[in-house]
1. Check off (1) more than 24 Å from VAL106 (Cβ to Cβ); (2) in a loop (DSSP other than H, G, I, E, B); (3) touching a residue at least 24 places away in the same chain (Cβ under 8 Å) for ALA265 and give me the number that stays unchecked.
2. Of all residues in segment 251-269, which are within 30 Å of GLY194 (Cα to Cα) and not hydrophobic (A, V, I, L, M, F, W, C)?
3. Please specify each residue of segment 90-114 satisfying the condition of being of a type in the set (A, V, I, L, M) and touching a helix residue (DSSP H, G or I) at 6+ places or on another chain (Cβ under 7 Å).
4. Is at least one residue of segment 72-79 part of a loop (DSSP other than H, G, I, E, B), crowded, with 23+ Cβ neighbours inside 10 Å and on the phi > 0 side of the Ramachandran plot?
5. What number of residues in segment 200-256 are assigned to a loop (DSSP other than H, G, I, E, B) and among the β-branched types (Val, Ile, Thr)?
6. Please go through segment 196-249 and pick out each residue that is among the aliphatic types (A, V, I, L, M), over 13 Å from the mean Cα position of the chain (by Cα) and within 25 Å of GLY268 (Cβ to Cβ).
7. Tell me which residues, restricted to segment 80-98, are touching a Leu at 6+ places or on another chain (Cβ under 7 Å) and surrounded by fewer than 16 Cβ atoms within 10 Å (Cβ to Cβ).
8. In the list MET148, MET140, which residue meets the criterion of being at negative phi and crowded, with 24+ Cβ neighbours inside 10 Å?
Amino acid sequence: MPEPTPTDRPGGYRSVLRPGLFAGQLHWVTGGGSGIGRCVAHELASLGARVVISGRTPDKLARVAAEIAEDGGRCHTIAFDIRDEDAVKAGVARVVGEHGPVAGLVNNAGGQFPAPMLAISKKGFDAVVASNLTGGFLMMREVFVQSMQRHGGAIVNMTADFRNGMPGMAHSGAARAGMSNLTMTAAFEWAHAGVRVNAVAPGWIASSGMDTYGGAMKAIIPKLKNHVPLRRMGLEAEVSAAIAFLLSPGAAFITGVTLPIDGGAPLGGDIFPLGSEARSVPFDGFHRAVTPEVLK
């Protein structure tokens with residue numbers, strides 16, 4: 001009998017996409033050591049991809065790689081800072097040299113801190129823009145130049161729910177909006193090479209990143225679901241499913257879009273209140289998902 005694929009294994013990732021969809025392909029997830037990136041890496045591996053995860057902390061990457069190996073998948077790690085241009089160039093060269101062409105890039109790495117706009121220093125603003133926009137640009141450019149320009153591929157960038165601005169995170173909102181615009185430009189300029197570029201814009205997702213916040217933000221997080229028409233937070237697997245689809249052949253004629261994954265949070269207003277019932281059923285596909293402490 002043939003060796004079972006990771007999705008055939010009991011208790012494995014429950015992807016809605018067909019087993020073996022990405023077999024033989026190399027997919028790279030930045031920020032793959034935790035949160036949504038960890039989930040995406042697991043799903044891509046469960047669909048047969050050889051996965052590379054990168055980030056700044058080798059130990060976190062190693063733990064995720066070990067999880068994927070336990071589930072029957074294949075995962076390689078490489079640690080560097082996406083804000084460092086020379087490190088990005090060298091990192092991409094190493095991955096392409098050791099593992100071959102990159103079929104899919106998930107530009108997930110990033111980070112921010114809550115602060116009112118009047119209290120954000122230039123240093124703080126620059127740091128968040130570097131993490132959420134400049135670093136992503138460097139990854140896109142180098143993966144295109146060193147691989148996709150010749151072999152084609154698909155890129156999915158990470159933005160956020162910035163449709164109504166991002167009060168309390170002006171630096172992140174500016175960077176995320178910039179990434180959405182950069183996605184459109186790259187989609188146009190790189191289409192000739194058979195490269196598609198899209199983005200996802202998650203809203204309030206129950207992920208480990210929520211546990212990094214303290215103070216007033218920590219107190220607000222458990223109440224966020226009350227401001228979502230679907231009356232719940234999203235799960236990491238619901239973001240990963242959209243990313244995996246955008247990387248797939250089913251999205252072959254989709255490029256330059258930013259897909260909101262936010263439960264309709266930016267819609268409506270106080271004039272028309274939300275209904276009291278909560279009938280939305282989440283897609284719980286990630287078998288290793290962990291509920292953030294702040295939501296327990």
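1. ALA265 satisfies every listed condition except (1).
2. We begin by selecting, within segment 251-269, every residue within 30 Å of GLY194 (Cα to Cα); these are 251-262.
Result: THR255, GLY256, THR258, PRO260, ASP262.
3. So in segment 90-114, the residues of a type in the set (A, V, I, L, M) come out as 90, 92-93, 95-96, 102-103, 105-106, 109.
Those that are of a type in the set (A, V, I, L, M) and touching a helix residue (DSSP H, G or I) at 6+ places or on another chain (Cβ under 7 Å): VAL92, ALA93, VAL96, VAL102, LEU105, VAL106, ALA109.
4. Quick first cut of segment 72-79, residues part of a loop (DSSP other than H, G, I, E, B) only: 72-73.
Next cut, crowded, with 23+ Cβ neighbours inside 10 Å only: 73.
Cutting the leftovers down to on the phi > 0 side of the Ramachandran plot gives us none.
No, there is no match, as no residue in segment 72-79 is part of a loop (DSSP other than H, G, I, E, B), crowded, with 23+ Cβ neighbours inside 10 Å and on the phi > 0 side of the Ramachandran plot.
5. Step one: list which residues in segment 200-256 are assigned to a loop (DSSP other than H, G, I, E, B), which gives 203-204, 207, 213-214, 228-233, 248, 252-256.
In the following step, the residues that additionally are among the β-branched types (Val, Ile, Thr) were identified as 228, 254-255.
Number of matching residues: 3.
6. Initial filter on segment 196-249 (among the aliphatic types (A, V, I, L, M)): 197, 199-201, 205-206, 210, 216-217, 219-221, 224, 228, 230, 233, 235, 237, 239, 241-244, 246-247.
Those still in the list that are over 13 Å from the mean Cα position of the chain (by Cα) too: 197, 206, 210, 216-217, 219-221, 224, 228, 230, 233.
Listed by number, the residues that qualify are ALA206, MET210, ALA216, MET217, ALA219, ILE220, ILE221, LEU224, VAL228, LEU230, MET233.
7. Of all residues in segment 80-98, those touching a Leu at 6+ places or on another chain (Cβ under 7 Å) come to 82, 85, 88.
Residue satisfying the conditions is GLU85 alone.
8. On the way: MET140 fails: crowded, with 24+ Cβ neighbours inside 10 Å.
Step by step, each of MET148, MET140 is checked, and only MET148 is at negative phi and crowded, with 24+ Cβ neighbours inside 10 Å.
Throughout, read-outs are computed from the coordinates displayed, never taken from laboratory work. In this text the structure is predicted, and so the values were computed from the model without any measurement. Cβ: placed from backbone, ideal geometry, glycine included. Neighbour counts: every protein chain shown.
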